[in-house]
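Enquirer: Below is one structure. I have some questions about it.
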């Protein structure tokens, strides 16, 4: 901080000169003591200078509203919203979120260091707090082909960026346990610089949590039960309570939170689709759910603000207090968390539920490598034939609203020449993952249960974490149409029925994000949802986001990569066949 800034802040705090802005008649939420206090809030140069009795050049009457610190999302992938950073910011500001901790893992898997740099560039000079953790696992495992491989040396220069806070979710647990040289170098590079390291402890034993903590990994967002949550808290981890589009863990985890441990808990969304962000919200939704589940509103707000800030060392965010950024929201009440106004750096950005500022920036043009990212040879229908030696097969079973899948062994239908036949009656569909980065020709084939399609096919280049092309279908011909359409669009989402594309969304940025305004993308997503209902897809979970996680080989139990069916607990590929 420059000396003149300190001087001015002290002058306002001591009442020697008027504040830029003073907020009067508000009920201030004190996240340090968990209580409501009253007083004027004096703001200067975007910071709070004091709480007490102040005069200012601009007076804002809060008219009895509760004044809460703005919300912080402790772990999110912007790319999962399918829009660019500036459009993402527009949506989140409407929901009282002014700061996010991003992991550009998705675009890094497609475009490597160029993808990370694009995300940093695209978040400059916006009225929003974008901070980053560097992708630790690109690719996530050695059992798939991604668009890039990032070593410790590739990542190290990015730590010089002021908005890079550390190393993102370490999901390759065997690499940590087995002390892989490059993984330990990534962790030590971060910790040596005083940076943070996020965990990804899906399905890990307590002994492995000991390993993670010993390595300097301090957070986890993969708890799915209260017991798992408590173990992480006992080991000294920050507990990230996730409520996204697919992974909805909040109701299972909230019982683990109490007044003694709440300060070690924070909220995250991880992956949330644009349509859910628009009509449901972001961290504000997590807060509402937590309150409805019985958590004190003040504790829920504390978790959504100061806890997240402290977890990541953001020493000037997350509270209404002197020396903190003037990022705050007005609330009608503490039950429904209805947000009426949002302020960023002391300036109003949302009033009466509408953005009242321009959210824009000028960024360098996007490289062709990022915009032209879908490469695979022309396909024939026979590429989707799944040979089986018997009548039983290993099947990926979807668990609605969860990233975890079940490993099922079931009777399946086969053709006379020994190929799997998709069965709508048994809800057994074909699943394919096509390598789309380097023209390797790799295609992984498997069987999925639980999507509920009665006809047609779905395809998307959003396929965590390597983001190859993933297709689920009831027949080979619709799967071919879906693949060709995706290739022509150079990435996106498509719904096909009886040879016709009935809905699609072009994602021209790395096959992950649209360059269009968020309301245009929102409209397209609604068209896709309507098309999914025509195919008979279940309405109680998001089929596309569920599909996009069926290729993630670090979350139990069965997944599919471009190299074949993968059993996470054994950390190896297995056959579709069941051998006695």
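Taken together, the values in this text are just the output of simple stated rules run on the coordinates, not laboratory data. Here the structure is a predicted model, which means the values were calculated and not measured. Quick reminder, even Gly has a Cβ in these numbers, built from the backbone with ideal geometry, and neighbours come from all protein chains shown.
Enquirer: Starting from the 7 Å offset along Cα-to-Cβ, what nm value, one decimal, do you get for the label separation of residue 351 and residue 59?
Expert: About 1.7 nm separates the two model spin labels.
Enquirer: In nm, give the distance between the simple-model label positions of residue 192 and residue 369, each being 7 Å from the Cα along the Cα-to-Cβ direction.
Expert: Placing both labels 7 Å along Cα→Cβ, they lie 2.6 nm apart.
Enquirer: I've got another one for you. So for region 75-312: antiparallel DSSP bridges make up what percent, rounded to the nearest 5? Don't jump to the answer; show the numbers that get you there.
Expert: Working: 1 of 20 bridges.
DSSP beta bridges in region 75-312 are roughly 5 percent antiparallel.
Enquirer: Here's a follow-up. Which order do peptides 96-105, 226-235 fall in by mean Cβ count within 10 Å, highest first?
Expert: The packing order, highest mean first, is 96-105, 226-235.
Enquirer: Please find the FRET efficiency linking residue 361 to residue 407, where r is the Cβ-Cβ separation and R0 is fixed at 30 Å, and quote it to the nearest 0.05.
Expert: 0.05
Enquirer: Using the alpha-carbon atoms, what tilt in degrees (0 to 90, nearest 10) does helix 283-292 show relative to the longest principal axis of the chain?
Expert: Roughly 90 degrees between the two axes.
Enquirer: Next up: Please give the length that would be gained between residue 207 and residue 11 if that part of the chain were fully extended, namely 0.36 nm times their separation in residues minus their C-alpha to C-alpha distance (nm, one decimal).
Expert: 65.2 nm
Enquirer: Evaluate E = 1/(1 + (r/R0)^6) for residue 477 and residue 251, where r is the Cβ-Cβ distance and R0 equals 41 Å; express this FRET efficiency to the nearest 0.05.
Expert: Numbers: r = 41 Å, r/R0 = 1.01.
Using R0 = 41 Å, I get an efficiency of 0.50.
Enquirer: Only bridges whose two residues both fall in the chain count here: according to DSSP, what percent of them are antiparallel, nearest 5?
Expert: The answer is about 70 percent antiparallel.
Enquirer: Then there is this: Defining a contact as two alpha carbons under 8 Å apart and six or more residues distant in sequence, what relative contact order in percent does the chain show? Intermediate results must be reported in sequence, preceding the final value.
Expert: On the way: 1421 pairs, mean separation 86.5, N = 580.
Dividing the mean separation by the residue count of the chain yields 15 percent.
Enquirer: Provide 311, 356 in ascending order of the number of other Cβ atoms located within 10 Å of each residue's Cβ, fewest first.
Expert: So the ranking, lowest neighbour count to highest, is 356, 311.
Enquirer: Return the Rg/Rh ratio of region 446-580 with Cα-based radii and a Kirkwood Rh.
Expert: So for region 446-580, dividing Rg by the Kirkwood Rh gives 0.98.
Enquirer: How far is helix 3-13 tilted, in degrees, relative to the longest principal axis of the Cα atoms in the chain, given as a value from 0 to 90 rounded to the nearest 10?
Expert: In the chain, helix 3-13 runs at an angle near 70 degrees to the longest axis.
Enquirer: Where does helix 85-94 land angle-wise versus the long Cα axis of the chain, in degrees 0 to 90, nearest 10?
Expert: Value to nearest ten degrees: 60.
Enquirer: Can you tell me the order of 567-575, 318-326, 77-85 when each peptide is scored by its average per-residue count of other Cβ atoms within 10 angstrom, highest first? If you can, show how the numbers build up before the last one.
Expert: Working: 567-575: 13.8, 318-326: 21.1, 77-85: 26.9.
Packing proxy ranking, top to bottom: 77-85, 318-326, 567-575.
Enquirer: How do 347-353, 89-95, 165-171, 120-126 rank on mean C-beta neighbours within 10 Å, highest first?
Expert: Descending mean neighbour count gives 165-171, 89-95, 120-126, 347-353.
Enquirer: If I model a spin label at residue 3 and residue 235 as a point 7 Å from the Cα along the Cα→Cβ vector, what separation in nanometres do I get?
Expert: 5.0
Enquirer: While we're on this one: Roughly what % of DSSP beta bridges within region 3-64 run antiparallel, to the nearest 5? If you can, show how the numbers build up before the last one.
Expert: Details: 12 of 17 bridges.
Percentage antiparallel, nearest 5: 70.
Enquirer: Please give the calculated 222 nm ellipticity per residue for the chain, where each DSSP H segment of at least 4 residues contributes -39500 (n - 2.57) and the sum is spread over every residue; nearest 500 deg cm²/dmol?
Expert: Values: 17 runs with 152 residues, N = 580.
Value at 222 nm, helices only: -7500 deg cm²/dmol.
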